[in-house]
Amino acid sequence: GEPKTLWGSSEPRPPAAGSGQPSPQQRTETLGFYESDRGRKKKRSLPDLSLLRFISAELTRGYFLEHNEAKYTERRERVYTCMRIPKELEKLMFFGIFLCLDAFLYVFTLLPLRVFLAMFRFITLPCYGLRDRRLLQPAQVCDILKGVILVICYFMMHYVDYSMMYHLIRGQSVIKLYIIYNMLEVADRLISSFGQDILDALYWTATEPKERKRAHIGVIPHFFMAVLYVFLHAILIMVQATTLNVAFNSHNKSLLTIMMSNNFVEIKGSVFKKFEKNNLFQMSNSDIKERFTNYVLLLIVCLRNMEQFSWNPDHLWVLFPDVCMVVASEIAVDIVKHAFITKFNDITADVYSEYRASLAFDLVSSRQKNAYTDYSDSVSRRMGFIPLPLAVLLIRVVTSSIKVQGVLAYVCVVLFYCGLISLKVLNSIVLLGKSCQYVKEAKMEEKLFNPVLTATPGKPAGKQQGTFKSTQGISTDENGSTSVTNQPVHQKENMPSLLVTSNSDQFLTTPDGEEKDISQDSSELKHRSAKKDLLEIDRFTICGNRID
């Protein structure tokens with residue numbers, strides 16, 4: 001046979017190197033050789049592209065997550081943040097609810113005693129002589145105004161028939177009641193924002209220095225406006241309580257279910273909007289006020305139902321599941337809402353400790369000698385919780401539900417009042433101690449003694465100079481003040497300058513382009529500026545659902 005080549009076939013060899021110029025026949029044979037070799041290689045690579053080879057590659061293919069470590073670390077931190085939100089949020093809610101409870105108990109316990117002391121001072125003033133230009137201290141004037149408004153509105157509430165209102169609301173359809181309840185919630189927020197301004201205007205009109213030129217309409221018109229506001233707000237809350245009572249007493253509980261589902265609609269209106277830390281702080285304060293108000297409304301509903309069933313304890317256990325359902329739905333909605341807001345806006349869970357420190361700062365600063373407001377009014381401005389209308393309604397419901405007859409009944413009332421005073425004092429002591437602890441942990445002690453200097457950085461020289469002048473006025477007033485009840489005239493006059501030079505106003509008036517530049521700063525500067533901004537934010541200054 002023919003001798004085989006090195007490739008195992010009788011095909012011609014490729015031309016050897018250095019053999020000179022190949023002939024045309026050799027060139028043709030060489031090209032044919034390479035083309036046949038390329039075909040053999042293609043045939044040999046076909047088994048490598050088989051289905052088994054592809055499946056094997058898919059089963060054994062690997063990748064390394066550490067190549068994008070920053071991305072996965074951020075995702076893990078988001079999960080941890082969502083897991084921490086319920087704990088941190090409930091800490092804030094728990095602290096804020098007790099702050100509202102402290103301001104609410106103040107109306108029933110210490111306010112009557114302070115009014116009695118102010119009236120005693122006014123009656124016995126001729127015995128001591130007119131050593132001071134003021135007949136009463138500013139705080140005493142505000143206490144008397146609050147007491148008189150409370151008494152007048154309480155007697156005006158006797159002309160409102162609760163039973164007729166209940167049957168009128170009960171005769172409406174479920175859809176109408178659902179719409180009415182939503183309208184009442186919106187009206188409550190609107191009237192609260194305007195009501196606190198009315199009360200502040202009354203207090204300042206009644207206590208401002210007499211040598212100043214008056215640019216207002218007088219104390220009496222302001223007083224009638226305040227009485228009208230408290231009365232209308234109390235009726236509004238009564239309608240809310242009546243609607244909730246109708247929902248509890250309905251046979252199929254359909255209205256109660258619809259009202260609870262309204263809380264979940266709130267999630268849709270909040271989580272898909274842009275929130276900054278300041279806006280989230282305002283919304284947290286609103287949630288605290290809403291939850292405490294719902295607790296008081298549930299108390300009113302239970303009192304009215306227990307009265308209808310002659311205070312039978314068995315009926316309380318009938319109401320208990322519905323009460324737990326309403327409270328649980330409120331807590332669940334708040335947790336879900338805050339968890340997704342912090343997730344979509346890249347806000348850490350530590351921000352709630354800053355919010356808690358800001359609320360604690362209000363309580364601690366209200367105990368200073370140079371305080372310019374009462375703590376209950378500070379809570380009203382910060383959270384939108386105004387205790388006077390709610391207190392008027394609760395007193396009206398309690399006095400109509402519980403009949404006091406006999407000496408033993410009056411003794412029980414006195415003992416109950418002493419118990420309320422003890423609860424108020426104990427709650428105030430615990431809150432003050434925890435507030436001092438939170439302020440120290442947040443390193444905000446220097447702001448208690450020098451609040452204006454901490455608000456000046458980042459402003460032009462002209463504004464800083466004006467702030468420096470106001471600081472001198474404040475220091476003079478602090479040196480001259482020797483009593484807790486002194487009139488803070490210089491403090492009140494210099495409040496606008498403090499608000500103008502604050503970083504929160506810079507945040508509110510910054511265009512969109514500058515906001516992006518600010519957001520690219522270091523995290524430490526953000527952390528510091530956020531703490532300063534929170535001290536200047538109240539319930540009614542910025543919209544909590546602002547869209548940028």
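The values are calculated or read from the model by the stated rules, or taken from the named source; none is laboratory data. What you are looking at is a predicted structure, and each value in this text was computed from that prediction instead of being measured. As a convention, Cβ positions derive from the backbone with ideal geometry for all residues, glycine included, and neighbour counts pool all protein chains shown. Heads up: the accessible areas ignore ligands, DNA and RNA and are worked out on the full protein's heavy atoms, side chains in. Shrake-Rupley method; radii C 1.70, N 1.55, O 1.52, S 1.80 Å.
Note on segment 403-422: residues that are open to solvent by 80 Å² or more (accessible area, probe 1.4 Å) and β-branched (V, I, T) total 2. Flag: F275 matches the condition of being open to solvent by less than 10 Å² (accessible area, probe 1.4 Å) and assigned to a loop (DSSP other than H, G, I, E, B). Would it be correct to say that D350 is open to solvent by 20 Å² or more (accessible area, probe 1.4 Å), touching a helix residue (DSSP H, G or I) at 6+ places or on another chain (Cβ under 8 Å) and either closer than 20 Å to F104 by Cβ or among the hydroxyl-bearing types (S, T, Y) (or both)? No, not satisfied. Might you let me know whether segment 324-333 holds any residue that is free of Cβ contacts under 8 Å to residues at least 24 places away in the same chain, open to solvent by less than 30 Å² (accessible area, probe 1.4 Å) and assigned to a helix (DSSP H, G or I)? Checked against the condition, which is being free of Cβ contacts under 8 Å to residues at least 24 places away in the same chain, open to solvent by less than 30 Å² (accessible area, probe 1.4 Å) and assigned to a helix (DSSP H, G or I), segment 324-333 yields no hits at all. Per the conditions (1) closer than 27 Å to V398 by Cβ; (2) touching a residue at least 60 places away in the same chain (Cβ under 8 Å); (3) surrounded by fewer than 20 Cβ atoms within 10 Å (Cβ to Cβ), the sole criterion not satisfied by A234 is (3). Checking segment 375-395 against the condition returns a match, with at least one residue being modelled with pLDDT of 90 or more, over 17 Å from the mean Cα position of the chain (by Cα), buried (at least 16 other Cβ atoms within 10 Å of the Cβ) and β-branched (V, I, T). Counting only helices (runs of 4 or more DSSP H) that sit wholly inside segment 89-207, those with at least 2 residues that are open to solvent by 30 Å² or more (accessible area, probe 1.4 Å) and among the acidic types (D, E) are 174-207.
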